[in-house]
1. Give, as a single signed number, the net charge of other residues whose beta carbon lies under 11 Å from the beta carbon of K208, with Lys and Arg counted +1 and Asp and Glu -1.
2. Ordering K214, K202 from largest to smallest accessible area (1.4 angstrom probe), what's the sequence?
3. Provide L93, L344, L212 ordered by accessible surface of protein heavy atoms (probe 1.4 Å), highest first.
4. Please report the carbon-and-sulfur percent of the accessible area for segment 310-351; probe 1.4 Å, protein heavy atoms only, DNA, RNA and ligands left out.
5. Accessible area, 1.4 Å probe, largest first: how do R155, R33 sort?
6. Taking the Cα centroid of segment 362-383 and of segment 1-77, what is the distance between the two, rounded to the nearest whole Å?
7. Pull out the extension gain between W279 and L67, defined as 0.36 nm times the separation in residues minus the alpha carbon to alpha carbon distance; nm, one decimal.
8. Just how much of L78 is accessible, in Å², when a 1.4 Å probe is used and the result is rounded to the nearest 10?
Amino acid sequence: LEIPRKAYYEKELEVVVSRSYGPGRYDANYEERGQDYPIGYVRWTERRNLQAVLRAIETKRLDVKSLITHRFAFENVLDAYALITGEKPEPHLGVVLTYPEKAHDLTPRVAVAAPATSDKVRIAVVGTGSFATSVLMPALAGIDDAKMVAAVSGRGLSARHAANKFEIPTVCGSLDEVLGRADVDAVVIATRHELHAAQAAKALRAGKDVFLEKPAAVNEEQLEELRKAVEESGRRLVVGFNRRFAPMATELKGFFEGRRAGLMMSARINAGRIPAGNWVVDAVEGGGRIIGEGCHFIDLMAYWAGAPPVSVSAVGIGPGSAYSHDDNVAITLRFADGSVGQLLYTAMGDPSVSKERYEVLCEGKVAVLDNWRTLTKSAMGKTKTTRALKADKGHAGELEAFVRAARRGEKSPMNWDDIAAVTRATFLASADPGGSERARDSRCGRVRPTSVTLGREVPARWNDGRANRGISCSGASARSSRSVPFGFRMRHG
């Protein structure tokens with residue numbers, strides 16, 4: 001803006017530039033989560049501005065008709081753009097597009113072109129965002145025994161694009177629309193994290209097999225509801241812990257076959273930084289990065305150990321940094337077979353360095369897996385290297401296992417107790433990692449848990465009562481104590 005300073009200064013004039021609709025614009029809490037600004041704090045918000053304009057038009061205090069110089073039918077939209085871009089030189093002020101006045105059926109559903117055949121697993125994909133359309137749906141399209149019969153999204157446009165791309169005959173606007181359909185055998189859920197457990201539970205109770213993108217849940221209450229649905233329905237549930245299905249992960253596990261000692265495992269994750277306002281790091285919507293992504297690496301170590309995690313200890317970076325302690329955490333896990341794993345998850349690394357690097361040592365053997373491109377296995381002074389031109393993290397392999405189990409009527413390729421143990425481990429590892437050391441226990445129902453605190457192993461005391469199960473904490477972790485129904489009561493400090 002070129003503003004004459006002298007004139008504005010002498011007359012004490014003010015210039016106010018509107019920020020696209022008003023306060024609240026670009027604020028996710030306001031626009032997406034409905035958190036309004038108190039009227040005494042901000043009088044004119046984005047919503048109140050629009051309400052005032054509409055009210056002024058309704059009461060004839062604001063006349064917009066005199067501002068309209070041109071009207072174009074929607075089918076002539078290119079002529080309208082030619083006018084406003086100057087391609088068609090003609091004076092203009094307000095340009096309006098008109099639509100047919102005939103009412104249209106706005107139900108976000110397209111008729112099924114043909115009934116699906118029962119020789120394939122007929123799948124509805126719920127959530128058609130970038131991950132689903134770039135990873136899950138291409139993988140499903142490549143599985144002979146799978147057929148995508150419906151695309152579901154609250155935003156119909158993304159579902160319509162996905163349906164066109166993958167030749168899916170039906171588009172729906174909600175999960176409920178597909179659960180009652182006889183031509184849907186299974187549901188793939190790839191929505192936002194806080195919706196996962198409730199949607200999966202509803203689909204299971206409707207008699208559908210469910211592939212649920214990680215995480216399984218973002219809190220204990222959701223996980224418990226999902227457990228009930230799995231047990232009551234008897235249907236198959238597979239969670240998107242895909243790395244255990246990767247070829248290099250399987251090869252690494254086989255390298256240590258027949259071992260008698262526990263594994264010593266380390267995982268260094270160069271995760272990269274995510275803006276503070278992103279939904280993934282929101283505690284309610286995304287659950288945070290350890291719950292939302294860290295579950296991958298805890299599950300992978302559980303797969304290599306062949307046992308669930310039973311003890312979790314975590315510490316985040318201290319305060320006073322521009323980086324958050326929520327995604328800069330060192331986590332130590334002990335597994336039921338005696339294996340130990342350490343997960344170093346950080347957002348502070350150089351993005352040019354590989355994201356994932358794993359090292360596993362046991363009984364004179366060492367395996368190093370770098371970013372799913374190279375796997376080196378060393379034993380008795382000899383090293384063998386496996387290389388891949390393209391990183392395979394197991395997405396297709398996991399979906400194939402899910403479809404195969406559903407098609408053949410076999411048991412789920414993923415055990416519920418393992419899903420629950422890994423998910424609970426993420427809850428505990430992400431609970432208040434603000435620079436204080438804390439330890440918790442995760443129990444899958446097959447081992448007696450213990451707690452490791454400041455280098456001392458403290459046996460857990462079983463809670464005599466079965467109605468109110470939980471963990472209580474004191475000492476260094478008192479400020480992060482909360483109840484978790486693991487089946488026992490423990491105190492440490």
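1. On the way: positive: R122, R181, K202, R205, R235, R236; negative: D185, D209.
Combined, the nearby Lys, Arg, Asp and Glu give +4.
2. Values: K214 35, K202 95 Å².
Per-residue accessible area, sorted high to low, gives K202, K214.
3. Details: L93 120, L344 85, L212 0 Å².
In descending accessible area the options line up as L93, L344, L212.
4. Numbers: 1000 of 1730 Å².
Percent of accessible area from carbon and sulfur atoms in segment 310-351: 58.
5. Values: R155 190, R33 70 Å².
These residues rank, largest area first, as R155, R33.
6. Each part's Cα centre sits 62 Å from the other's.
7. On the way: separation 212, 0.36 × 212 = 76.32 nm, distance 4.01 nm.
Length gained, W279 through L67: 72.3 nm.
8. Solvent-accessible area, nearest 10 Å²: 140 Å².
The values are calculated or read from the model by the stated rules, or taken from the named source; none is laboratory data. All figures in this text were calculated on a predicted structure; none of them were measured in a lab. FYI the Cβ positions are ideal-geometry reconstructions off the backbone, even for glycines, and counts take in every protein chain you see. What goes into the accessible areas is simple: the full protein's heavy atoms, side chains included, and nothing from ligands, DNA or RNA. Shrake-Rupley method; radii C 1.70, N 1.55, O 1.52, S 1.80 Å.
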